[in-house]
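First comes the structure, then the notes that go with it.
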Ligand code: GUN
């Protein structure tokens, strides 16, 4: 069997087009231009790349982006001061503090300083707390987990009543994606480094979400035939034949897994492009709320 490929790149492009049209309508009918502030502290090359990509995609859909860069040496007070300024700025509907922050900064305090109405990353403790509880509505849901669910939905993959296994328990992906699947009435298992019989647990999954950051860890014989496999991993592996000397692979051994799975996301071109699409969507939602349109 060969799996149906879940094309995150095409899906993200389609969502981006939907957002572009809606941003234009908001502008012409209500004079509102959605705005996203990005905060980058230090010079982590991966973070610089992600922030650049986010701002570029904003401009493609007509969202105004405000880029703030602070030196590696920035103090807790400086970062929180900037966040307070952005909280008060009515042109800013979303605030994104790129993670990880330099070690000397208290990430939890920075994230808690962001107004929950502008927390388009969904990392504020109140938003995460609401996500973790039954019958509560977070203002925003974290972007990568939301992207995983959006892919399942747009490919018509049923979630309700299914066995979903999540590999990884990070605050950014594993934990929130498990909560989202639970809210959609899946039966969830969260696996981590201490899980026994990992392969056996994975083989139970109708929906398998891999978010551990280990190249090609998930083997074909860990996958139940016909399962939907969502690979969140972005891992660099050496490849002397590649132009840059490395290539990007996921957490799943894609070539072998696609012969067993029913649906599978590639890396790159799967979940990755969806993260920014969800960020744009959250920023648009925030602007509409601020204008009293939702
Ligand atoms: N670092 C890795 N992923 C993310 C993300 O989704 N948002 C932010 N702000 N930082 C990240």
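FYI, it's all coordinate maths here, none of it is from the lab. Owing to the predicted nature of the structure, the values given are computational and were not obtained by experimental measurement. With ideal geometry, Cβ positions are generated from the backbone for all residues, glycine too; neighbour counts draw on all protein chains shown.
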In a GNM of the chain with a 10 Å cut-off on Cα contacts, which of 90, 273, 145 has the highest mean-square fluctuation?
90
Given the rule -39500 (n - 2.57) for each run of at least 4 DSSP H residues, summed and divided by the residues of the chain, what is its mean residue ellipticity at 222 nm, to the nearest 500 deg cm²/dmol?
-12500 deg cm²/dmol
Report for the chain the percent antiparallel among DSSP-assigned beta bridges with both residues inside it, nearest 5.
10 percent
At 0.36 nm per residue, and after removing the present C-alpha to C-alpha distance, how many nm does the segment from residue 9 to residue 192 gain when stretched out fully?
63.0 nm
Using 0.36 nm per residue of separation minus the Cα-Cα distance, give me the extension gain between residue 116 and residue 155 in nm, one decimal.
10.9 nm
Extent of segment 1-127 along each principal axis, from alpha carbon coordinates, in Å, largest to smallest?
48, 47, 27
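How large is the convex hull of the C-alpha atoms of segment 69-212 per residue, in Å³? Display every interim value, and only then the final one.
Numbers: hull volume 18.4 nm³, N = 144.
Here the figure is 127 Å³ per residue.
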Give me the Kirkwood hydrodynamic radius of the chain, using the inverse of the mean 1/r over all pairs of distinct Cα atoms, in Å to one decimal.
19.8 Å
When 207, 116, 230, 188 are arranged by how many other beta-carbons sit within 10 Å of their Cβ, fewest first, they go 116, 188, 207, 230
Between residue 136 and residue 91, what FRET efficiency comes out of the Förster formula 1/(1 + (r/R0)^6) with R0 = 25 Å and r the beta carbon distance, rounded to 0.05?
0.25
The chain, Gaussian network, Cα under 10 Å: of 88, 261, 13, the residue fluctuating most is 88
Whole Å is fine, so just give me how far the alpha carbon centre of segment 157-185 lies from that of segment 45-67.
28 Å
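Quick one: if the Förster radius is 41 Å, what FRET efficiency do residue 199 and residue 69 give, using the C-beta to C-beta distance and rounding to 0.05? Don't skip to the answer; put the middle values down first.
Values: r = 44 Å, r/R0 = 1.08.
Efficiency for this residue pair is about 0.40.
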